[in-house]
Amino acid sequence: MAPGYTNKLAGFPIFGVTSVKGRDAQDEENEKGCLPLTAILVVGGGGAARTGIKNCISVYEIEENSQGLGEAKNIVQHETDSEVCTSIDVSPSGHLVACSMGDSCGVFAYRKFSSDEVKANIEKRLASEAKKKQKKTMDETIDNVGEFKMILQWTTDVPLDKNTPACQNVVKFGCRDNLMATGGDDCLVHVWEISESKDNNVSDEKQKGKKEQKWTVNRLYKLAGHSKEIRDLDFDPSGTFLASASKDQGCRIWDIKTGKLAQLLPADTASGLTYRRCKFSSSTELITLQIPNGGRGSSNIVVWKANKDGIGGVWS
């Protein structure tokens, strides 16, 4: 079978990848300002060391080429300076992006450029290249169609001991833009609510009269129960449950309304398996991936179905 997509080199080590979630009709009025539905986002880079490899958030839009294959075009590249992002998720509206950055979480707002801004940026680049007598093709150059601006960054994880640095492994948005969850090596799951406020007290004379947007974060729950690192998280579509997969061979289902454990889903410990991924396919179905502790051997995909007594397991 022929491949459905062509390959694309990111130019840096990739640590996380996600796609833009589907949006319903009520979001059409905001469609112009958010990430395209066909976009794939990747994060990674060379880390804090001076390797010469940039740390980036890159957005690729999938378009069909002349051969009928899906081709990835790099439409946005945002450098994160010395901080490398290791996981990424996109908010339901497509306006916000959240990344794991060491022991912290960073939230970025996306702004799509107007056609005039894109044209002006291209002209500026071409003038700069002409001045330096550099010749580049469009395939080698990224003409950004939008930009990311960091609006929030806060510490989410603490070191387990003095010899082990803190590390956030995963961040996920819930069913709305202001609901998030993070998990890391400290074995804790945190549920957060972010909010935007507008302050009229702008000190800059040039900006006087304009409202300054400020973002704040509030922790709703600190969920304890896992004994080893958190590997994956996922909210169900209704925002009722949050699943957390851990290296401790357990996947926990948390009730978001109460912050309490709804059910513990054990792994097939007899086969030496532990949870690696969890994903709600609907509000009544959770799909999990169990892998061998040693990294070799067969893995299991398990489908858990909701029933009257809670969430029961169905192997497949």
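The values are calculated or read from the model by the stated rules, or taken from the named source; none is laboratory data. This structure is a prediction, so every number in the text was calculated from the model and none was measured. With ideal geometry, Cβ positions are generated from the backbone for all residues, glycine too; neighbour counts draw on all protein chains shown. When the accessible area is computed, the model is the full protein with side chains, heavy atoms only, and any ligands, DNA or RNA have been set aside. Shrake-Rupley method; radii C 1.70, N 1.55, O 1.52, S 1.80 Å.
What to note about this one:
- For residue 71, the solvent-accessible surface computed with a 1.4 Å probe is close to 90 Å², ligands and nucleic acids excluded.
- Converting phi to 3J(HN,Hα) with the Karplus coefficients 6.51, -1.76 and 1.60 and the offset θ = phi - 60°, region 183-189 yields x, x, 6, 7, 6, 10, 10 Hz in sequence order, with x at every glycine or proline.
- Amide N proximity, region 31-61 versus residue 111 label position 7 Å along Cα-to-Cβ, cut-off under 19 Å: 31-36, 57-59
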